[in-house]
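Q: Encoded as structure tokens, here's the structure I'll be asking about.
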Amino acid sequence: MGHREIPDDYLEGYADILTEASATGRRLRRDELESRRLLGERAAENGQGLRGLIVDHLSATRTLWTRLPAAPGPESGAAGVRATATAVLTAAEQAIDAFAEGYERAQKLAVRKEEAARREFIDDLLYGRSDLGRLSERAERFGLRLARAHAVAVAAGPEPYDDAHPVVRRVEGVLNARFGERHILLTTKDGRLVCVAPGDQDDVLRFFGKQAYAATDGGRVAVGRPHPGAGGVVHSYEEALGALDLAERMALDSPVLHAADLLVFPVLTRDRQAMADLVRSTLGPLREARGGAVPLLETLAAYFDAGCVAAEAARRLSLSVRALTYRLERIHRLTGADPAEPMHRYTLQTAVIGARLLDWPSREL
């Protein structure tokens, strides 16, 4: 085993402490303990390994042992040797413990600073609040190369998640095991899991979606489209959040949603006033039905979701086919639009989508 040079900078005063302990039998003073802690902090800040530093202290103790004076006292012979050994080993234990405490204190502070820097970067990345050039420079430190296109996936579960949550650790573990050193960032934001990956690596986000859905016990995952540059990450993230919100309002049952597949909905709501007019004029008469508009609106939604197959729609609503048919006829009489007629069907279906998006009839338009 090769000889390791003892770094005197981190053993400063150690020999004096042991010598005095051997001569007097006393324990370390408060200022001596603090000096050991400060040396431990310095060693951690300079990237020294704690294990090697402890070995250095023990080696220094062994080297000094033969030169240490015996403590004065009534003991002599073997008893005196034992007293001296006890005093020296107690001093060494105190000194090394204080040194390790300072080392760990510096490490914890460094970890907190790193976590704060990472959180600040993530906030800036997802909200686009920082200078894009500086943001790109900082991104390298966290494994992202913002010059290329990126896509963002967001997973929402039944409870909020932070970076220390077991669900996050589980997903992070399987991602690292599967994809290793790829440029992927997994984090949390506002209680949701967020995965940022290169836009040309669909397999990463597909795998994340599958794992996050399982880990969150049936949560929902949305994937934004790839966009270039630092601003592209914000854009993709907002698309994913929009898809989650849309899935909630539209009662979409797919566990993994892709913003690219939902582009028709922003188009439909781009002119909100026109959509509100369509909902009021087409579906407004349903309010006159016994029980109000909601049961008939749910009937239309189930009918369209089932591909206009009456038997399947009835099954989804736990109705008989006859009862479903009666409801469709009632809708036809009230609105003047026949769900079975293609042109009317398109108008009704668009109005039903609008009602979901605008939260009608719960909210007045």
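The values are calculated or read from the model by the stated rules, or taken from the named source; none is laboratory data. From a predicted model like this one, the values you see are computed outputs, not experimental measurements. Heads up, the Cβs are rebuilt from the backbone with ideal geometry, glycines too, and the neighbour counts pull from every protein chain shown.
Q: Among all residue pairs at least 6 apart or on different chains, which show Cβ distances below 9 Å where the first residue, located in the range 1-21, is closer than 23 Å to residue 87 by Cβ and the second is at pLDDT below 55 and part of a loop (DSSP other than H, G, I, E, B)?
A: 21/71
Q: Now for a separate question. May I ask you to verify whether residue 241 is in a loop (DSSP other than H, G, I, E, B) and of a type in the set (A, V, I, L, M, F, W, C)?
A: Numbers: in a loop (DSSP other than H, G, I, E, B): no; of a type in the set (A, V, I, L, M, F, W, C): yes.
Criteria not met by residue 241.
Q: Moving to a separate point now. Would you pick out the residues in the range 141-180 that are at pLDDT below 90 and under 22 Å from residue 228 (Cβ atoms)?
A: Scanning the range 141-180 gives 141, 142, 143, 144, 145, 146, 147, 148, 179.
Q: Moving on to the next point. Go over the candidates 309, 267, 352, 321 one by one and state the one that is closer than 21 Å to residue 242 by Cβ and modelled with pLDDT of 90 or more. I'd like the intermediate steps shown before the answer.
A: Values: 309 fails: closer than 21 Å to residue 242 by Cβ; 267 fails: modelled with pLDDT of 90 or more; 321 fails: closer than 21 Å to residue 242 by Cβ.
Only one candidate qualifies: 352.
Q: Quick check on residue 325: is it surrounded by fewer than 16 Cβ atoms within 10 Å (Cβ to Cβ), farther than 30 Å from residue 134 by Cα and either not assigned by TED's automatic domain parsing to the domain that holds residue 343 or not aromatic (Phe, Trp, Tyr) (or both)? Give the steps one after another, and end with the answer.
A: Details: surrounded by fewer than 16 Cβ atoms within 10 Å (Cβ to Cβ): yes; farther than 30 Å from residue 134 by Cα: yes; either not assigned by TED's automatic domain parsing to the domain that holds residue 343 or not aromatic (Phe, Trp, Tyr) (or both): yes.
Yes.
Q: Another one. Applying the selection to the range 259-285, what residues are surrounded by 16 or more Cβ atoms within 10 Å (Cβ to Cβ), over 39 Å from the mean Cα position of the chain (by Cα) and without any contact (Cβ under 8 Å) to a residue 60 or more places away in the chain?
A: Matches in the range 259-285: 284, 285.
Q: Restricting attention to the range 38-70, report how many residues are outside any helix (DSSP H, G or I) and farther than 21 Å from residue 83 by Cβ. Step through it out loud before you land on a result.
A: Of the residues in the range 38-70, the ones outside any helix (DSSP H, G or I) are 46-49, 66-70.
Add one more test, that the residue is farther than 21 Å from residue 83 by Cβ, and what stays is 46-49.
Counting residues in the range 38-70 that are outside any helix (DSSP H, G or I) and farther than 21 Å from residue 83 by Cβ gives 4.
Q: Now for a different question. Scan 80, 47 and give me the residue that is in contact with a Gly (Cβ under 9 Å, 6 or more places away or on another chain), at pLDDT below 90 and not hydrophobic (A, V, I, L, M, F, W, C).
A: Details: 47 fails: in contact with a Gly (Cβ under 9 Å, 6 or more places away or on another chain).
Exactly one of 80, 47 is in contact with a Gly (Cβ under 9 Å, 6 or more places away or on another chain), at pLDDT below 90 and not hydrophobic (A, V, I, L, M, F, W, C), namely 80.
Q: On to the next question. Condition test on residue 213, is it touching a Pro at 6+ places or on another chain (Cβ under 8 Å), buried (at least 17 other Cβ atoms within 10 Å of the Cβ), not in a strand (DSSP E or B) and not basic (Lys, Arg)? Quick ask: steps written out before the conclusion?
A: Numbers: touching a Pro at 6+ places or on another chain (Cβ under 8 Å): yes; buried (at least 17 other Cβ atoms within 10 Å of the Cβ): yes; not in a strand (DSSP E or B): yes; not basic (Lys, Arg): yes.
Yes: the conditions hold for residue 213.
Q: Let me ask another. Out of all the residues in the range 289-336, which are of a type in the set (Gly, Ala, Ser) and touching a Lys or Arg at 6+ places or on another chain (Cβ under 8 Å)?
A: Taking the range 289-336 as the starting set, the residues that turn out to be of a type in the set (Gly, Ala, Ser) are 289, 291-293, 301-302, 306-307, 310-311, 313-314, 318, 320, 323, 336.
Of everything in the range 289-336, those that are of a type in the set (Gly, Ala, Ser) and touching a Lys or Arg at 6+ places or on another chain (Cβ under 8 Å) turn out to be 289, 293, 301, 302, 306.
Q: Taking residue 256, is it surrounded by 12 or more Cβ atoms within 10 Å (Cβ to Cβ) and free of Cβ contacts under 8 Å to residues at least 60 places away in the same chain?
A: Numbers: surrounded by 12 or more Cβ atoms within 10 Å (Cβ to Cβ): yes; free of Cβ contacts under 8 Å to residues at least 60 places away in the same chain: yes.
Answer is yes for this residue.
Q: Assuming residue 254 fulfils every condition listed in (1) in a helix (DSSP H, G or I); (2) of a type in the set (Ser, Thr, Tyr); (3) closer than 30 Å to residue 235 by Cβ apart from one, which condition is it?
A: Condition not satisfied by residue 254: (1).
Q: Give the range 177-191 a look and list any residue that's charged (D, E, K, R) and out of contact with any helix residue (DSSP H, G or I) (no Cβ under 8 Å at 6 or more places or on another chain), or say none. Working first, answer last.
A: Pass one, the range 177-191, residues charged (D, E, K, R): 178, 181-182, 189-190.
Within the range 177-191, 181, 190 meet the criteria.
Q: With (1) under 27 Å from residue 247 (Cβ atoms); (2) part of a loop (DSSP other than H, G, I, E, B) as the list, and residue 340 as the residue in question, which single condition is left unmet?
A: That leaves (1) as the condition not met.
Q: Anything in the range 238-253 that is surrounded by fewer than 20 Cβ atoms within 10 Å (Cβ to Cβ) and either of a type in the set (Asp, Glu) or in the same structural domain as residue 352 (by TED's automatic domain parsing) (or both)? List them, or say none.
A: Answer for the range 238-253, where residues must be surrounded by fewer than 20 Cβ atoms within 10 Å (Cβ to Cβ) and either of a type in the set (Asp, Glu) or in the same structural domain as residue 352 (by TED's automatic domain parsing) (or both): 238, 245, 248, 253.
Q: Can you run down the residue pairs with Cβ atoms below 8 Å, 6 or more apart or on separate chains, where the first is in the range 98-122 and in a helix (DSSP H, G or I) and the partner is modelled with pLDDT under 85?
A: Correct list of pairs: 118/142; 121/135; 121/138; 121/139; 121/141; 121/142.
Q: List pairs: first in the range 189-202 and under 21 Å from residue 220 (Cα atoms) and assigned by TED's automatic domain parsing to the domain that holds residue 227, second among the aromatic types (Phe, Trp, Tyr) and surrounded by fewer than 19 Cβ atoms within 10 Å (Cβ to Cβ), Cβ under 7 Å, 6+ apart or cross-chain?
A: Final answer for the pair search is none.
Q: Anything in the range 187-212 that is within 15 Å of residue 224 (Cα to Cα) and of a type in the set (A, V, I, L, M)? List them, or say none.
A: If the condition is that a residue be within 15 Å of residue 224 (Cα to Cα) and of a type in the set (A, V, I, L, M), then 193, 194, 196, 197, 204, 205 are the ones that fit.
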